[in-house]
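Down below is the structure, laid out as structure tokens.
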Amino acid sequence: MKRRFPRGKLRALFLCLILLASGCHLTAQSSPATPADRIAQLELQVKNAQSSADNAWMLVSAALVLLMTGPGLALFYGGLVRKKNVLATMLQSFAMMALITVIWAIVGYSLSFGAGNSFIGGLHNVFLHGVGLRPDTDYAATIPAQTFMVYQLMFAIITPALITGAFAERMKFSAMLLFMMLSQFGLCRWYGCTRYFRRVGAGLRHIPGTPSRISQGTNAPS
Amino acid sequence: MPPHSVVLSFVGACLLWVGWFGFNAGSALAASGLATSAFVNTHFAAAAAAVGWGVAEWLRNGKASALGAISGAVAGLVAITPAAGFVTPMSSLIIGLIAGAFCYFIVAKVKNWFGYDDSLDAFGVHGAGGTIGALLTGIFATSSINPIYHNARGDVLPSGVVDGNWAQLGNQFVAVAIAWVLAIVGTFIILKVVDLLIGLRVTADHEVQGLDLSQHGEEGYYWELSAS
């Protein structure tokens, strides 16, 4: 004997499911009831879309700038020196990737970009306190503050790594590390200056790189 | 002192070229049209500077070298960095050509005149390239790419010399002078401090031995000597 599922019940169940699904659909569609709400939601979505696009590019850019130091400069300088100094020269660039990152996280970012005067930041952001995933509108309104922080970190790494080219083959490793730690605190003033300099002249946008390049020349005769 | 491996430097310079897009086009801090402009300028200047250095070297030595080509490209990348967000692609070609030839002149001629110690040509490529680039920015910056100056009513004002604003060249001179003074004084002070604390240079023995062994206790290459 064939047991039949009662057709009436099946139909009712099906109907309920459809109603439920469409109900959910309707509530999702109609939640911003007024035009003002809908416009606000739309604005938020547009903002999020722009933030996503900018953030994607900035994260890739940060990785590219690290690529300049990581294999780029290390190989470039490493090849130019004599055979007996190749590792020491490559390690100088790599050491910057490690050392500057740690300093940056603890105090460097705060001294460079924390609230302060025109020449040096403060200690408000030590240990990256307050540097979260919300944008810092002082610097970049559409990307998370941490993206901005890590992008600037890559610049803080390549700047001293570039300088190492000037004293390759003759400086003590310990002296190089100490020099870089001290100049990190010296150069971060320069980062702080950029805001001031932007008002003075336009070409200064990329100025953080300039002192490093020029100081290579002044280091060279030492 | 000849480089021990131009091959390593060659690969490194190519990676620098690629990474430099993040350096310049990322400095727009957004995926914007300005980022595109900086990206294109970066590439054009690097290429033009490699041509500029290569041609200058060819004319002088009768040969264009691989080391010259990569040095020229790096000089062009350095030179376009201050200008990347402000100039047209054609201007970046000119900046690159000038920077390549100028840095070759510094490395091949001026270095010999003064006899300074710069084994990696850090000053000739980076110092000279950065300086010439910063000055050329004052000439080629145009408000059609990046309107940075506005008057009180919000009208766009000319940027660089190509727009008719000669004052910007003066601004750039001032900026370069400040950068030089800060770099020289700052570097001198920090070097003195480090020298007093722990000493800067390795001993003469260690320098002859090589920094790999004396500073790190290892060597870059272990060549197996064959029996023959």
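At pLDDT 85 or above, in contact with a helix residue (DSSP H, G or I) (Cβ under 9 Å, 6 or more places away or on another chain), open to solvent by 80 Å² or more (accessible area, probe 1.4 Å) and of a type in the set (Asp, Glu), is that true of B:ASP205? Steps first, please.
Values: at pLDDT 85 or above: yes; in contact with a helix residue (DSSP H, G or I) (Cβ under 9 Å, 6 or more places away or on another chain): yes; open to solvent by 80 Å² or more (accessible area, probe 1.4 Å): yes; of a type in the set (Asp, Glu): yes.
Yes; evaluated as a whole, the condition is true for this residue.
Tell me, which residue of the stretch B:130-156 that is closer than 22 Å to B:ALA46 by Cα and in contact (Cβ under 8 Å) with a residue 60 or more places away in the chain is least open to solvent (accessible area, probe 1.4 Å)?
So in the stretch B:130-156, the residues closer than 22 Å to B:ALA46 by Cα come out as B:130-142, B:145-146.
So of that shortlist, the ones also in contact (Cβ under 8 Å) with a residue 60 or more places away in the chain come out as B:145-146.
Numbers: B:ILE145: 53, B:ASN146: 21 Å².
The selected residue is B:ASN146.
Looking only at the stretch B:17-35, which residues are within 15 Å of the chain's Cα centre (by Cα) and touching a residue at least 24 places away in the same chain (Cβ under 8 Å)? Lay out the reasoning, then the answer.
Of the residues in the stretch B:17-35, the ones within 15 Å of the chain's Cα centre (by Cα) are B:17-21, B:23-24.
Listed by number, the residues that qualify are B:TRP17, B:TRP20, B:PHE23, B:ASN24.
Which condition from (1) facing chain A (nearest Cβ under 7 Å); (2) surrounded by fewer than 18 Cβ atoms within 10 Å (Cβ to Cβ); (3) under 26 Å from the mean Cα position of the chain (by Cα) is the one that B:ALA167 breaks?
(1)
Looking at A:SER222, A:SER174 in this structure, which one is over 30 Å from B:VAL161 (Cα atoms), within 12 Å of chain B (Cβ to nearest Cβ), at pLDDT 90 or above and open to solvent by 20 Å² or more (accessible area, probe 1.4 Å)?
None of the other options fit; the residue is A:SER174.
When the stretch B:13-30 is examined, which residues are found to be among the small types (Gly, Ala, Ser) and under 26 Å from A:THR147 (Cα atoms)?
So the first thing to find is which residues in the stretch B:13-30 are among the small types (Gly, Ala, Ser), and the list is B:13, B:19, B:22, B:25-28, B:30.
Result: B:GLY19, B:GLY22, B:ALA25, B:GLY26, B:SER27, B:ALA28, B:ALA30.
Tell me, which helices (runs of 4 or more DSSP H) wholly within the stretch A:44-119 include 2 or more residues that are touching a residue at least 12 places away in the same chain (Cβ under 8 Å) and open to solvent by 40 Å² or more (accessible area, probe 1.4 Å)?
A:86-103
Among the residues of the stretch B:59-94, count how many are under 12 Å from the mean Cα position of the chain (by Cα) and among the aliphatic types (A, V, I, L, M).
Selection size over the stretch B:59-94: 8.
The values are calculated or read from the model by the stated rules, or taken from the named source; none is laboratory data. Note that this is a predicted model, so its numbers are computed, not measured. All Cβ positions, even for glycine, are placed from backbone atoms using ideal geometry, and neighbour counts span all protein chains on display. Ligands, DNA and RNA are excluded from the accessible area calculation, which covers all protein heavy atoms including side chains. Shrake-Rupley method; radii C 1.70, N 1.55, O 1.52, S 1.80 Å.
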